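Just so you know, all these numbers are worked out from the coordinates, no wet-lab data involved. For clarity, every value in this text was computed on a predicted model and none was experimentally measured. Cβ sites come from the backbone with ideal geometry, for glycine too, and all protein chains shown count toward neighbours.
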């Protein structure tokens, strides 16, 4: 039916277009003949060797008397492979005309039945086997609500809502009951425009830290005993509140973190997904587990909170990772002291206030914005903190590990998600168009400020020139600028220090490697915000890179097919192991890479960013993180203590189970 | 039928016994009347107020002409409660005579049917709803094979098998391929008799440590890629091999660790259970997990090994905990370097050799017996070690934590299971006989050398005197001595240092507390082995105890009912949280304790030792351990790294799933 509608539009535009129709469906062909009328400005096409009996009815006066082109695809296997596979899939489908026409039992009326009348008869216009987006994860977990940014009305509506919110003034402060009040100390400016003051901030001091730990300790037992279902319901309520307040959080993600609109929408959705996912996981995996055992004894395993948790989150996902850490720790029964990144405290303050609004007690989730070196040290040293969740640099994770080892008392969990040196390998069988689109997304999307972002691209030498040329073409189309505009692809980096480091790396690379392309940053933006041009270099060898560059800088290396094992070894020996991408249409190649490359997240024939909660559980190994993976099934149990309860049920007078056992 | 068989035996022994029969079953009563014949030396009994119509048929010439005693239980609720409940359960059971006789629909022939003929008709003599011991945990996991020590034939057979093995000479040495060979350096003596040399030992040196890490690193990738099913099968094979070699391991547990026969049997069974349990768990929880997601994409979560693990095990479960750590790390895909306790290296050496025999490669599981301070430090400092499992003292765990924090590189998992200060609370509703039996087991069993053993008993003051008196009576019956004899209840402690510490504590307590009872140690044993007398003290307050005493010493405190909340707080504020026991027949009391006491393992109305793999997952919180619990469902995932693999399945030409979707 879609084909027919498109055909109709094409035929109606024959003053501009010469339509060509290649179909093996007799009814479709007949419909086109009727729709086209007497105007012969179009042609049919027939694949050489296929559907000849049908096309025999077209050419000639006593037939339909239309033109038909016989065509045959010509080219090398790399060009034709995908075409061939798609053709096989289509023709092999049970529903295809060419398949059904050979089936003698099919009545001809069915075969040529009007698709429009069939569509009208359907009880539901949506396909019953294709779930609506909200139902993508089944009955137990709602998918977060999306925003269709390709729809003009939706986009206009969103702009209307966020425009005033972009101009508001926000604030960040310690959210610690019974702490002393103070006046705001500093102004917060937007990374996309340093003249734009977006809010003011009060940093937490040592007194706030002490008070917060005291509160979190006091509040713990009651919170822990509220039970899984109570807390899971609160998570869902917070998720729904975030969805309702989406425009405000999108606005803050744009002006405080410099996110593009698409990234800002994804940011809020991820936070919502964490709420719904961990609520569902808690109900499934933290409920008491009945254990098998001898008769006369009941045995169960109960999970409960550990105590006050410290959650230290990064600026690159200032709402999503922040929310993920916090709600996971909370639903498991812990109280939480959240330390947001210094650069993104406004959005964190807003999130925690919203949590209080939906019913999380104020001592159960507290916020300590301010300097990491002070707050992190004071809290990590405190024996009352029973667990730490950290996302940030490998080096800071190490400092936290040493701080908690130095204190006396129990050994507490430290869940660290840290840096990476993320690599993509592209072999000669890959589809170059797809490679280029995915490389641009992976390396330059979010200004390269994702833990998962692509840093080093290995191209098989046979296809390197071609792909580099196409990539440079694609980079020419990238627009750097104001993230408020939907047309902007790349926004600013987070702050001047990050910018300076990245620009210095670009300068160094210009000396030591081959510059392939550097996207230009419009002058008005460059002067007002902390922008870094998306840049690509070709390197001689991987040793030229010493550390992760957390921005839109791509490094390209060529490799020989015979060096593949060596490259896998190089990747594994970096010590990092976060994300890895590969493009190949050879399944043995894919299997080898999936098996041998030691990283947390492997992406095949797609971009390597944007892990979805519960779909691509996220986190690395080695220097990239301790595990368990965020948004995965092993996360929540790690935040709990376990208690086994074994009860002799016969102690009150006998074994009721045995007495009531049926005799056969 | 059992009742009738017993009645028959009693009636046959009327020259020594005057049998008394209390039954409400008319057929049973009639059977006894027939079996007893003319000899009137027995009586029937009838509970006052019950079954009167039946007993009306007994007394008097024109009846059965037998004696019938009417009885009524007299006493306080604490004496009668259990009796009453059991009576209710029995009478309430569908199968009971008194229940069925009121059912008019039951034909009288059924009611008085011969139980022997019914038993003959059963297709299986075993009850179909009561599983055989081997099937206790269902189809997926075999229970370990037990030894019925109450059966004379079995016991005799076991003695025959182990006697020669007790006299053998064993050896312990580094099991490290390609390490240098050395001559044995020291003799190993039995803790039960220091004149008895049971083997000789070579300690590992630094060279052995380096070589072992090198081997474990080299062997890792291949071992990890063998797959879950391959490794699970090896675990099961090792479990079966341990069962086959049970006599040898029992003998070693007795002579090297001073275990009693019952403890030695339990030791081997626990090791076997770990093999079967983790094999099953690995197949269930470490297999790839398919994740939901959009069409056109395949997402899965794969678990795999982390690398070389160091497993440091204690002497108190020299085979069980040793095996549990090692096989868990192995089945998850890690290679293992095992460091057994210095005091119990012979049994560990034998176990690892057996592992090599069943097919574990020699570089995959290596053994480094020797000094913990040397081996532990060298290995924990080595960046190639990717995980540590430790069971031992809280203090050594802390040292390990600091060692791994000090080294560079990744943050690795440390699973520590450490000390406790285990408490039992007994309220006035508890059944004293049961309390005393469980206290003796929990405090003095295994010479108190269990992590889970009872150290502090809180008795509600109302029942304290009575229970203490009964406990002293029970302690008088305890036999300390040679663990080879089945009559021995308590064997030696592990070595002279442990003995000295415990004896010093007993001396201090004799000054500072009230000695209730001290079991005597026969002189011949005292002179040859490291024995400590089981001893009980009454304390004024819990502060008189500063640290865990790892031996057969029980401390008793009295408490007022109104102080319960305070005691719970005291328990929670020790910082430890391993095991906790309670005896009470008040369900609200039980609920409160289960909920509020923060420990890993809670035992109600039973002893508080002998956690069974998969039934009572074991491990504490706070100073007692990091979790996850050994023998529980969260253990294996902690030993793995996680990898998400996300594949765009449409890249090869189209979305085959959508094309093959049924239309309705």
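Listed values, structure above:
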{"quantity": "Distance from the stretch B:288-312 to the stretch A:371-447 (C-alpha centre basis), Å", "calculated": "19 Å"}
{"quantity": "Relative packing of peptides A:4-11, A:582-589 - highest average C-beta neighbours within 10 Å first", "calculated": "A:582-589, A:4-11"}
{"quantity": "Degrees separating the helix A:345-358 axis from the principal Cα axis of chain A, which is the longest one", "calculated": "80 degrees"}
{"quantity": "Length released on extending from residue A:178 to residue A:262, taking residue separation times 0.36 nm less the Cα-Cα span", "calculated": "26.3 nm"}
{"quantity": "Stokes-Einstein D (µm²/s) once Rh is taken as the Kirkwood radius of the stretch A:423-617 over alpha-carbon pairs, at 4 °C in 1.567 mPa s", "calculated": "76 µm²/s"}
{"quantity": "Per-residue Cβ neighbour rank within 10 angstrom, fewest leading, B:571, A:542", "calculated": "A:542, B:571"}
{"quantity": "Relative counts (whole %) of C-alpha pair distances in the stretch B:2-135, using bins that are 10 Å wide", "calculated": "10, 32, 36, 19, 3, 0"}
{"quantity": "Number of partner chain Cβ atoms within 10 Å, mean per residue of A:407-416", "calculated": "5"}
{"quantity": "Isotropic mean projected area of the C-alpha convex hull, the stretch A:414-522 (nm²)", "calculated": "8.9 nm²"}
{"quantity": "Sites residue B:8 and residue B:562 - FRET efficiency at Förster radius 45 Å, r taken between beta-carbons, to 0.05", "calculated": "0.25"}
{"quantity": "Dmax and Rg, reported as Rg then Dmax, of chain B (C-alpha, Å)", "calculated": "29.9, 101"}
{"quantity": "Pairwise label distance in nanometres, residue A:218 with residue A:140, each label 7 Å out on the Cα-Cβ vector", "calculated": "3.8 nm"}
{"quantity": "Projected label distance in nm at residue A:290 and residue A:39, using a 7 Å step from Cα toward the beta-carbon", "calculated": "7.3 nm"}
{"quantity": "Using alpha-carbon coordinates, inclination of helix B:77-92 to the longest axis of chain B, degrees", "calculated": "80 degrees"}
{"quantity": "Fewest-first sequence of A:157, A:441 by Cβ atoms within 10 Å of each Cβ", "calculated": "A:157, A:441"}
{"quantity": "7 Å along Cα→Cβ, label-point gaps from residue B:122 to other copies, nm, shortest first", "calculated": "6.1"}
{"quantity": "Anisotropy class of the stretch B:198-247 from Cα gyration tensor, a/c 1.5 cut", "calculated": "oblate"}
{"quantity": "Position residue A:437, label points 7 Å along Cα→Cβ, spacing to each other copy in nm (shortest first, one decimal)", "calculated": "7.4"}
{"quantity": "Cα-only radius of gyration and Dmax that characterise the stretch B:287-332, units Å", "calculated": "17.3, 55"}
{"quantity": "Calculated P(r) tail over 19 Å for the stretch A:298-386, as whole % of Cα pairs", "calculated": "38 percent"}
{"quantity": "Computed FRET value (nearest 0.05) for residue B:543 with residue A:408, which takes r as the C-beta separation and R₀ as 22 Å", "calculated": "0.70"}
{"quantity": "Globularity index of the protein assembly as shown, i.e. its alpha-carbon radius of gyration over 2.2 N^0.38 Å", "calculated": "1.11"}
{"quantity": "Tilt relative to chain A, helix A:320-331 - C-alpha long axis, 0 to 90 degrees, to 10", "calculated": "50 degrees"}
{"quantity": "Most to least packed among B:241-248, B:326-333, B:502-509 [average Cβ atoms within 10 Å]", "calculated": "B:326-333, B:241-248, B:502-509"}
{"quantity": "The stretch B:93-250, Rg to Rh (Cα coordinates; Rh as Kirkwood inverse mean 1/r)", "calculated": "1.23"}
{"quantity": "Packing-based exposure ordering (other Cβ within 10 Å, fewest first) of A:120, B:189", "calculated": "A:120, B:189"}
{"quantity": "The stretch A:468-542 - Rg (one decimal) and Dmax (whole number), Cα, Å", "calculated": "13.0, 38"}
{"quantity": "Inter-chain shielding of A:285-292 (mean C-beta neighbours from other protein chains, 10 Å cut-off)", "calculated": "3"}
{"quantity": "Distant alpha-carbon pairs in the stretch B:389-471 (separation over 16 angstrom), percent", "calculated": "63 percent"}
{"quantity": "Residue-averaged [θ]222 nm for the protein assembly as shown, counting only DSSP H segments that reach four residues, each worth -39500 (n - 2.57)", "calculated": "-12500 deg cm²/dmol"}
{"quantity": "D_trans [Stokes-Einstein, Kirkwood Rh over alpha-carbon pairs] for the stretch A:311-354, 37 °C, 0.692 mPa s, µm² s⁻¹", "calculated": "321 µm²/s"}
{"quantity": "Nm distances between copies for residue B:81, ranked from closest, using label points 7 Å along Cα→Cβ", "calculated": "7.6"}
{"quantity": "Share, in percent, of DSSP beta bridges within chain B that are antiparallel, nearest 5", "calculated": "35 percent"}
{"quantity": "Taking all pairs of distinct alpha-carbon atoms in the stretch B:620-664, Kirkwood radius in angstrom", "calculated": "15.1 Å"}
{"quantity": "Pairwise label distance in nanometres, residue A:497 with residue B:70, each label 7 Å out on the Cα-Cβ vector", "calculated": "9.4 nm"}
{"quantity": "Global geometry of the stretch A:362-409, whether rounded, prolate or oblate, following the gyration tensor of its Cα atoms and the 1.5 cut on a/c", "calculated": "oblate"}
{"quantity": "Chain B, closest residue to the rotation axis toward A, by beta-carbon, whole angstrom", "calculated": "B:405, 2"}
{"quantity": "Shielding by partners - mean other protein chain Cβ count within 10 Å, residues of B:653-662", "calculated": "6"}
